[in-house]
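Asker: What follows is a single structure, and I will ask about it in a moment.
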Amino acid sequence: MAMNKNSESLGEIEELVLLAILRLGDDAYGVPIISEIAGRAGREVAPAAVYVALRRLRHKELVTSWTSEPEPVPGGRARRYFSVTEAGVELLAHSRQKMLRMWDGLQPMLEKR
Amino acid sequence: MSAGRWLLRHTLPSDELVIVGEIEEMCADRYRDARPWRAHLGYWQQVLALALHFTLEKRRERRRSSGRRVSGGPLLPGPGFPTERNFTMSTLLDDARQALRHLLRRPGFSATVVLILTIGIGPAVAIFTVVNGLLLRPLPYEDPDRLGLVRIDLSGLVAHPGISHGEIVDLREGMRSAAGVEAVNREFTTILGEGSEMVPRKGTTATLGFFDLLGVQPVLGRSFIEADREERVALISHRLWTDHFGADAAIVGDTTIINATAYTIVGVLPPDFELMLGPGGGVSTEVDLWFPLLLDPEFRNFWGFRTLVRLAPETSFAEARAEIERLGGEMVRNFPAIYEDAGIRFDLHPLHDDLVAPVRPALLVLFGAVAMVLLIACNNAAGLLLAGTLARAKELAVRQALGAHRYRVLSQVMIESLLLASAAGALGVLVARVGLQSLLAFQPGNLPRVGAMVVDATVLGFAIAVTFLACLAFGIIPAWQGSRAEAADVLRQGGRTGGTVRGRARNGLVVAQVAFSVMLLIGAGLLIRTMQQLQAVDLGFDPTNVLALRVPLDGAAVEREERWAKFRTVADEVRALPGVTAVGGMQETPLSGRGFRSSYSPDVDSTDEWNGTTADYRWVLPDTLEALGGRLLAGRDISRADVDQNRPVAVIDQALAADTWPGESPIGKRLKVMIESPNLDPVVEIIGVMEHPKIIDGRTVPMPIVLLPYSSTRRSEMTLLVRAERDPAALADAIRVAVYAAGTGRPVHTIQPLDALVVDARADARFILLLMSTLAGVAVVLSAAGIYSVLAYLVRQRSHETGVRMALGAAARDILRLNLGTGLLLAAGGVAFGLLGALLLSGFLESVLFGVAPRDPITFFGVALVVSLVATLASLVPALRAARSDPAHALRS
């Protein structure tokens, strides 16, 4: 299994960041990732926490990154784009399975309350 | 944003720098419609969060890569730990965190150091606020550095601030170096309103261009214009506009009754406008009404008009001064009858310098005093920190032995100092704000520009600078000593002694503290002696149980006789009140202003208007000497018959008598007074000689005083002096009613007990004394605490040695002597240096002292004694503790 060295589980923010990158596709860099999490999960995450999570994910080789050329406008900035590696996708799937298994059969109990 | 970028570049890992641009993009987007301050705040929030997150993250990564957790803090080296001098933001942040943790672990110690430093920084910031308001902030006029006040030396007067109409006109026409010459009169009391609504308010007159010269524009209406020459118009203060006219904008153009005459209000001056003239300026901040002053070029023998000059572009005060002196010479040549014997000399003083000149010496003395307290406080804090560092000597030495670089140790101890100093700096500014408010509530004499004494950016800058300097002053020695700890030495000694070098540093600190305390105490002592001397001054009159009140007459009484009849009725009505023992009156309230000054001559045929003599003339009602409690040495007081018949008589003081007729009785002699007045026969007969009453300022004997009967003037306002059997304040209401019943037509005002005026006249000396005593008290307590803490520390360090000595047979007495001796030696050194310093510095105090020499031996000796005593007590406690210690216990510990 490719998860041998990253067998530790994902933190909540790391998981949210990975999912946001998958959703954003080719447009996944810091700013939209933060907005995606805020918009879809309704979770205001500190940008600093997202950038630290991105760094950790990179070190764990769950994402790869490349830096773009500065935008061809005055004051245009370079951006670092991310995509989820195979190991990352695998870990997400694993995490999802784990959660689904944990949820299994609990739905009626929630509805009762 | 560049500071934010800088911070991020120094905290983010090098492969994450792309975040710098992204975060800016995000903030630009997020705060597009926000206010600039909100956008800045948001940006900095992100920057600081990133810096913090990544600093912690890098640390985590370091630990993870080394495979173990480092728990001893950054001073303990581990793999990846910088042992060289490679400071980065992250090591500094680490050190700051470590230092903070270290300080918080010892809250008592930290709070003590912060408290001591606050005691030093607070007063320094407070006094600097005063210095800033008075000396550093420019005057609130347009281009204030180009404004000057004309002062003259004339006859006996030196640097007199007023000149005459004719002279103002001459200066206007003659001064090439002036862009404008405008004048203002001394303030006088006006009565605003009519009937039962009448209120006294201060007013004055100013030339038409006066406000333009200052660059002051009314907030409503206009300033004076040429057309006002023909009209009765007035400008009013913002205070009067809000208090009296309910801030009604329609008041401009309206008429109001002032001194029973209708005046048109043409403008309202700005709320912060304040005319600031130097000593003797005669225009207080209470002036509410301004009338046009029209100059009469022929009017040349009344020097009462304060004249401001605005320098023309490209000219200097030196040029203007030379020109004004030359013009003065021309006037003397053109009007020999007026000037020849008087020897007039014109001078031009820069307005700001002129204003602050009288308080500058006292202020500099106080500034020196707070600087000393600050030094003592820093010194004291250094002593504590040094003791703290030495107590940690073993720990620091071990860290260095294990590879922590010496500069890291130095940096951590310095950061500790900086944290302590910053807390003290912030508290100090608070203390200064609160303290200053309470100080100014004491109404420190005639301190000008009180409104400008606020904590502004300059003061904050000063506080920050002082904080950093204090941090350096008290932090550097402990940091240096801590970082020098040689591991082998410290470990070998079991961390017991601080070594000779460190001991010397500590002793030096104590000696310096004691020396500064001695200097401050001598300053305070000299001021206490000054106050004693001032209180012992024989005023030449008795101010107790005397009430002084201003009594104006309305315009109905025009002629001299009518006015005198009114004042006579007033005196009779008031005299008839129960408890009143005497009633007199004078044209100026004693201790509140000068009388009319002019020359006199025993040669009754003299025609010189000025001959080098000057007296202070006071027109008085009958029985004034009795009401004032003055002492008649020969002859009699001015009587009611003298005034009724307008007899040409005068009462003089013994100084004038001894000067003019040495060895002779002046009674019956004739004196010519150089005053032109239609009612005054200039040749008067001396009917009485009194002891000089110090009614000018209660201090000095500047010039003779001559009393003339009221009948030779036609002043419509006098100060009534009412002597009572008991506290006359209780009579104030009855007197007010009695005066009004006498038909003056105007309300009395400015009712003051005479003894309160005496206290006021000494307010400046008392204020400086209060401050100096407080500072000296703080200094003594701090330095006693310094001696105590150093000796206590020494005793603890020596406990092993003491144990050995006692085990070898030393008696408790010997141990006591040894330790007490050390304390006393330090104190003696401090006292010696302090006395030497005081000898060198006490000259600066001379201008605020009265009746005591700056090197007064009694004060010097007394202070040396007091400080030695305090030092002995401070040394005794730890010395006794050492002598009583158990040798077995000491050896084991």
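The values are calculated or read from the model by the stated rules, or taken from the named source; none is laboratory data. Just so it is clear, the structure is predicted and the values come from calculations on it, not from any experiment. Cβ atoms come from the backbone with ideal geometry, glycine included; neighbour counts cover every protein chain shown.
Asker: Out of everything in segment A:60-70 that is surrounded by fewer than 13 Cβ atoms within 10 Å (Cβ to Cβ) and farther than 14 Å from residue A:30 by Cα, what residue ends up being farthest from the other protein chains (Cβ to nearest Cβ)?
Answerer: Step by step, filter segment A:60-70, then rank; the result is A:69.
Asker: Please give the helices (runs of 4 or more DSSP H) falling wholly within segment B:273-376 in which 2 or more residues are under 30 Å from residue B:473 (Cα atoms) and not small (Gly, Ala, Ser).
Answerer: Details: elements: B:317-334, B:336-339, B:351-356.
Correct list: empty, since no element meets the threshold.
Asker: Name the residue that is nearest to residue A:71 (Cα to Cα), counting only residues in segment B:11-38 that are within 9 Å of another protein chain (Cβ to nearest Cβ) and surrounded by fewer than 17 Cβ atoms within 10 Å (Cβ to Cβ).
Answerer: In this case the residue turns out to be B:29.
Asker: Now for a separate question. Among the residues of segment B:716-756, how many are among the acidic types (Asp, Glu), assigned to a loop (DSSP other than H, G, I, E, B) and out of contact with any strand residue (DSSP E or B) (no Cβ under 7 Å at 6 or more places or on another chain)?
Answerer: 1
Asker: Check B:736, B:766, B:726, B:762 and return the single one that is basic (Lys, Arg) and in contact with a helix residue (DSSP H, G or I) (Cβ under 6 Å, 6 or more places away or on another chain).
Answerer: Every option except B:762 fails the conditions.
Asker: Still on this structure, please answer the following. When residues of segment B:577-594 are filtered for being of a type in the set (A, V, I, L, M, F, W, C) and either in a loop (DSSP other than H, G, I, E, B) or within 12 Å of residue B:744 (Cα to Cα) (or both), how many remain?
Answerer: Residues meeting the conditions: 2.
Asker: Further question on the same structure: Check B:266, B:309 and return the single one that is modelled with pLDDT of 90 or more, of a type in the set (A, V, I, L, M), within 30 Å of residue B:193 (Cβ to Cβ) and out of contact with any helix residue (DSSP H, G or I) (no Cβ under 6 Å at 6 or more places or on another chain).
Answerer: So the residue among B:266, B:309 that is modelled with pLDDT of 90 or more, of a type in the set (A, V, I, L, M), within 30 Å of residue B:193 (Cβ to Cβ) and out of contact with any helix residue (DSSP H, G or I) (no Cβ under 6 Å at 6 or more places or on another chain) is B:266.
Asker: Could you check segment B:676-693 and list, in sequence order, the residues that are out of contact with any Asp or Glu (no Cβ under 8 Å at 6 or more places or on another chain), buried (at least 21 other Cβ atoms within 10 Å of the Cβ) and either of a type in the set (Asp, Glu) or touching a residue at least 40 places away in the same chain (Cβ under 8 Å) (or both)?
Answerer: Residue satisfying the conditions is B:686 alone.
Asker: Can you say whether residue B:574 is assigned to a helix (DSSP H, G or I) and not polar (S, T, N, Q), as far as the supplied structure shows?
Answerer: Yes.
Asker: Still on this structure: Quickly run through segment B:256-288 and pick out the residues that are surrounded by fewer than 15 Cβ atoms within 10 Å (Cβ to Cβ), in contact with a strand residue (DSSP E or B) (Cβ under 6 Å, 6 or more places away or on another chain) and small (Gly, Ala, Ser).
Answerer: B:262
Asker: While we're here: From the list B:729, B:763, B:738, exactly one residue is under 24 Å from residue B:358 (Cα atoms) and either touching a residue at least 24 places away in the same chain (Cβ under 8 Å) or surrounded by fewer than 17 Cβ atoms within 10 Å (Cβ to Cβ) (or both). Which is it?
Answerer: Exactly one of B:729, B:763, B:738 is under 24 Å from residue B:358 (Cα atoms) and either touching a residue at least 24 places away in the same chain (Cβ under 8 Å) or surrounded by fewer than 17 Cβ atoms within 10 Å (Cβ to Cβ) (or both), namely B:763.
Asker: For the condition surrounded by fewer than 20 Cβ atoms within 10 Å (Cβ to Cβ), free of Cβ contacts under 8 Å to residues at least 12 places away in the same chain and not in a loop (DSSP other than H, G, I, E, B), what is the one hit in B:843, B:837, B:829, B:809?
Answerer: B:843 is the lone residue from the list that is surrounded by fewer than 20 Cβ atoms within 10 Å (Cβ to Cβ), free of Cβ contacts under 8 Å to residues at least 12 places away in the same chain and not in a loop (DSSP other than H, G, I, E, B).
Asker: Just to check your reading of the model, which residue among B:748, B:737, B:706 is within 30 Å of residue B:202 (Cα to Cα), among the β-branched types (Val, Ile, Thr) and at pLDDT below 85?
Answerer: B:748
Asker: I would also like to ask the following. Exactly one condition in (1) modelled with pLDDT of 85 or more; (2) buried (at least 20 other Cβ atoms within 10 Å of the Cβ); (3) not polar (S, T, N, Q) is false for residue B:577; which is it?
Answerer: (2)
Asker: Since residue A:10 meets every condition but one in (1) surrounded by 18 or more Cβ atoms within 10 Å (Cβ to Cβ); (2) part of a loop (DSSP other than H, G, I, E, B); (3) facing chain B (nearest Cβ under 10 Å), which condition does it not meet?
Answerer: Going through (1) surrounded by 18 or more Cβ atoms within 10 Å (Cβ to Cβ); (2) part of a loop (DSSP other than H, G, I, E, B); (3) facing chain B (nearest Cβ under 10 Å) one by one, residue A:10 breaks only (3).
Asker: Of the conditions (1) surrounded by fewer than 20 Cβ atoms within 10 Å (Cβ to Cβ); (2) out of contact with any Gly (no Cβ under 9 Å at 6 or more places or on another chain); (3) in contact (Cβ under 8 Å) with a residue 12 or more places away in the chain, residue B:789 satisfies every one except a single condition; which number is it?
Answerer: Of the numbered conditions (1) surrounded by fewer than 20 Cβ atoms within 10 Å (Cβ to Cβ); (2) out of contact with any Gly (no Cβ under 9 Å at 6 or more places or on another chain); (3) in contact (Cβ under 8 Å) with a residue 12 or more places away in the chain, the odd one out for residue B:789 is (2).
Asker: Separate question: Considering only residues that are surrounded by fewer than 13 Cβ atoms within 10 Å (Cβ to Cβ) and within 10 Å of another protein chain (Cβ to nearest Cβ), which ones fall in segment A:72-90? It would help to see each step written out before you state the result.
Answerer: We begin by selecting, within segment A:72-90, every residue surrounded by fewer than 13 Cβ atoms within 10 Å (Cβ to Cβ); these are A:72-75, A:86.
Answer for segment A:72-90, where residues must be surrounded by fewer than 13 Cβ atoms within 10 Å (Cβ to Cβ) and within 10 Å of another protein chain (Cβ to nearest Cβ): just A:75.
Asker: What's the total number of residues in segment B:798-825 that are within 30 Å of residue B:865 (Cα to Cα) and out of contact with any Leu (no Cβ under 8 Å at 6 or more places or on another chain)?
Answerer: Matching residues across segment B:798-825 total 11.
Asker: Farther than 19 Å from residue B:30 by Cα and either under 14 Å from the mean Cα position of the chain (by Cα) or away from chain B (no Cβ under 11 Å) (or both) - does that describe any residue in segment A:33-40?
Answerer: no
Asker: Across segment B:102-146, what is the total count of residues that are out of contact with any strand residue (DSSP E or B) (no Cβ under 6 Å at 6 or more places or on another chain), farther than 20 Å from residue B:382 by Cα and not β-branched (Val, Ile, Thr)? I'd like the intermediate steps shown before the answer.
Answerer: Of all residues in segment B:102-146, those out of contact with any strand residue (DSSP E or B) (no Cβ under 6 Å at 6 or more places or on another chain) come to B:102-145.
When the remaining residues are screened for being farther than 20 Å from residue B:382 by Cα, the result is B:125-145.
Among the residues that remain, those that are also not β-branched (Val, Ile, Thr) are: B:126, B:128, B:132-145.
Counting residues in segment B:102-146 that are out of contact with any strand residue (DSSP E or B) (no Cβ under 6 Å at 6 or more places or on another chain), farther than 20 Å from residue B:382 by Cα and not β-branched (Val, Ile, Thr) gives 16.
Asker: Working carefully through the options B:41, B:8, B:50, find the one that is surrounded by 15 or more Cβ atoms within 10 Å (Cβ to Cβ) and more than 8 Å from every other protein chain (Cβ to nearest Cβ).
Answerer: B:8
Asker: What is the residue count in segment A:17-31 for residues that are within 26 Å of residue B:58 (Cα to Cα), surrounded by fewer than 22 Cβ atoms within 10 Å (Cβ to Cβ) and more than 10 Å from chain B (Cβ to nearest Cβ)?
Answerer: Qualifying residue count for the region: 1.
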